[in-house]
Amino acid sequence: MDVNMLKQSFEMVAPQKEVFAHSFYERLFSYYPATRPLFANTNMVRQEESLMATLAVVIAGVERGDNLTPTLHQLGDKHERYGAKPEHYPLVGGVLLETFHEYLGTRFTPAMQDAWSQAFELISGQMIEGSHRQA
């Protein structure tokens, strides 16, 4: 996973992070309406902020070489309590990539897409593992 590609692409959308995150959720709900009820009791502005903050934390952690496994396990457990299922993760990953494409256009290079695909696969794998752990 190329953390420089993650960081570079994330920094490119950071100036419009609120709009980026809003677009991400609008696209998710449009493509996969069955996901909307998972957010029925959610303040979406806070959720959008949380999405961007989580991505920033993961990128910074990978860049520093932190062990993010415990954090991702906790995040997975939390998402399971909200009703997220393992089959939701690939949907989210695809929507994230599409949202990067929308906002960055040709600046979202194949190397950036590969880096995000790899990162999301690792992140979602750890979250799913965390969702199956008993506290």
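The values are calculated or read from the model by the stated rules, or taken from the named source; none is laboratory data. This is a predicted model, so every value here is computed, not measured. Cβ coordinates were reconstructed from backbone atoms using ideal geometry, including for glycine residues, and neighbour counts include every protein chain displayed.
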Step by step: first the residues of the stretch 63-93, then only those that are small (Gly, Ala, Ser) and in contact (Cβ under 8 Å) with a residue 24 or more places away in the chain, then the one that is farthest from Arg27 (Cα to Cα). Which residue is that? Gly76
Give the residues of the stretch 1-13 that are within 14 Å of the chain's Cα centre (by Cα) and either hydrophobic (A, V, I, L, M, F, W, C) or farther than 9 Å from Met112 by Cβ (or both), sorted by residue number. Leu6, Lys7, Phe10, Val13
Got at least one residue in the stretch 31-41 being at pLDDT 95 or above, in contact with a helix residue (DSSP H, G or I) (Cβ under 6 Å, 6 or more places away or on another chain) and closer than 22 Å to Gly105 by Cβ? no
Qualifying residue in the stretch 105-121 (condition: within 28 Å of Ala40 (Cα to Cα), among the aliphatic types (A, V, I, L, M) and either touching a Ser or Thr at 6+ places or on another chain (Cβ under 7 Å) or at pLDDT 95 or above (or both)): no
Could you list all residues from the stretch 23-73 that are assigned to a loop (DSSP other than H, G, I, E, B), surrounded by fewer than 13 Cβ atoms within 10 Å (Cβ to Cβ) and hydrophobic (A, V, I, L, M, F, W, C)? Ala40
Six or more apart or on different chains, Cβ atoms under 6 Å: show the pairs whose first residue is in the stretch 4-30 and on the phi < 0 side of the Ramachandran plot and whose second is part of a helix (DSSP H, G or I) and charged (D, E, K, R). Ala21/Glu48; His22/Glu48; Phe29/Arg36
Looking at the stretch 43-62 only, could you name the residues that are in contact (Cβ under 8 Å) with a residue 12 or more places away in the chain and over 18 Å from Val13 (Cα atoms)? Met44, Val62
Yes/no for Arg133 being more than 16 Å from the chain's Cα centre (by Cα), surrounded by fewer than 13 Cβ atoms within 10 Å (Cβ to Cβ), of a type in the set (Lys, Arg) and part of a loop (DSSP other than H, G, I, E, B): yes
